[in-house]
Amino acid sequence: MDYPLFRKNSIGNSVYKIISDNQFIEKQRIGKNVLEHEVEAKQYPEMLLIQDMIECKANTFYEITESDYETF
């Protein structure tokens, strides 16, 4: 798999930069602010979340471009 991968959630308030099988950066819009979180998956549910993002599972995550991620 070639990283990074970029995803957006179906609600549209978060975008993700998937760095590896166990690490991602989330940009989350809350009101007028955008918060950035770096997550390293150490527990199984976090690992499953990353796999769901990679696979764009169940219409919950959608593929976006790096440009979309940067301009979020």
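Restricting attention to region 24-50, the residues being under 11 Å from the mean Cα position of the chain (by Cα) and in contact (Cβ under 8 Å) with a residue 24 or more places away in the chain number 3. One residue stands out among those in region 14-58 that are closer than 16 Å to F72 by Cα and out of contact with any strand residue (DSSP E or B) (no Cβ under 6 Å at 6 or more places or on another chain): the one that is surrounded by the most Cβ atoms within 10 Å (Cβ to Cβ), which is R29. Considering (1) free of Cβ contacts under 8 Å to residues at least 12 places away in the same chain; (2) more than 12 Å from F6 (Cα to Cα); (3) surrounded by 11 or more Cβ atoms within 10 Å (Cβ to Cβ), the lone condition that E70 does not fulfil carries the number (2). Of all residues in region 61-68, one or more are outside any helix (DSSP H, G or I) and touching an Asp or Glu at 6+ places or on another chain (Cβ under 8 Å).
So that you can scan it fast, the table gives a plain yes or no per residue for (1) under 15 Å from Y62 (Cα atoms); (2) among the hydrophobic types (A, V, I, L, M, F, W, C); (3) in a strand (DSSP E or B); (4) modelled with pLDDT of 95 or more:
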| residue | (1), (2), (3), (4) |
| --- | --- |
| Y3 | no, no, no, yes |
| R7 | yes, no, yes, yes |
| G12 | yes, no, no, no |
| Y16 | yes, no, yes, yes |
| I25 | no, yes, yes, yes |
| V34 | no, yes, yes, yes |
| H37 | no, no, yes, yes |
| K42 | no, no, no, yes |
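The values are calculated or read from the model by the stated rules, or taken from the named source; none is laboratory data. From a predicted model like this one, the values you see are computed outputs, not experimental measurements. Every residue, glycine among them, receives a Cβ derived from its backbone with ideal geometry; neighbour counts consider all protein chains shown.
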